[in-house]
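The values are calculated or read from the model by the stated rules, or taken from the named source; none is laboratory data. Fair warning: this is a prediction, and the values are worked out from it, not measured in the lab. Reconstructed Cβ throughout: ideal geometry from the backbone, glycine too, with neighbour counts over all protein chains shown. What goes into the accessible areas is simple: the full protein's heavy atoms, side chains included, and nothing from ligands, DNA or RNA. Shrake-Rupley method; radii C 1.70, N 1.55, O 1.52, S 1.80 Å.
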Amino acid sequence: MSETNILIVDDNPKYLKDALPFYGYKVTVATDGVQALKLLDNNTYDIILLDVMMPNMDGWETLKQIRKNTSTCHVPVIMLTAVNEEQKMISGLKIGADDYIVKPFILPNLLARMEALLRRTSWQQSLKSGAEKSESQTLKTQIRLTSREKDVLTLVTQGANNKEIAEKLCLREVTVKTHLNSIFKKLNVTNRTQAVLLAMKTDLIN
């Protein structure tokens, strides 16, 4: 099995730089977005761990540049953020982030997310575009959300919190939570970020 190449983009990378090689990962470090983009011009990476708060070029702008470049647009990116702000996370997903992890995090959690993302990316690459669209359509057909659940999920993808969803749909917050639990169960996900990702990939709310 070939070694997995990781690009860590973080102005304080010591912990991950020291820890990840023990798990068989080959690590390259950039301390800001400008340096990261230069490295990406000349090297190929399997996954990018991208910090949000950095000097010179922050994580959001770096992510935009990664997704604009045809040679890097398909590389999976996990955002590292110190702030658990749902609206910003969802905005990041729309820009092209594949997952998030909030600092401080425990290493096993990050490793599990990395491994899941690498597996998913490998699986997607093994499918031809037509087959992938077919798989997406099949998944969309299998998942049957009620019209109210679709309304709730649409607002979630727009970054609305439970209170805002309740106000817009004239529901109680506890009812919104019930709808969300049902949505998570039907989508086989455990949180809002995963629900948004799946909804975007399969056009569930269109």
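See the values below:
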{"read-out": "Strands (runs of 3 or more DSSP E) wholly inside the stretch 1-112 containing at least 3 residues that are closer than 23 Å to residue 200 by Cβ", "value": "47-51, 77-81, 99-102"}
{"read-out": "Filtered residues of the stretch 121-166 (kept if surrounded by 12 or more Cβ atoms within 10 Å (Cβ to Cβ), aliphatic (A, V, I, L, M) and either modelled with pLDDT of 60 or more or assigned to a helix (DSSP H, G or I) (or both))", "value": "139, 143, 145, 152, 153, 155, 156, 160, 165, 166"}
{"read-out": "Selected residue (only one of 64, 88, 38, 68 is closer than 20 Å to residue 194 by Cβ and surrounded by fewer than 19 Cβ atoms within 10 Å (Cβ to Cβ))", "value": "88"}
{"read-out": "Lone unmet requirement of (1) more than 17 Å from residue 109 (Cα to Cα); (2) open to solvent by 60 Å² or more (accessible area, probe 1.4 Å) for residue 82", "value": "(1)"}
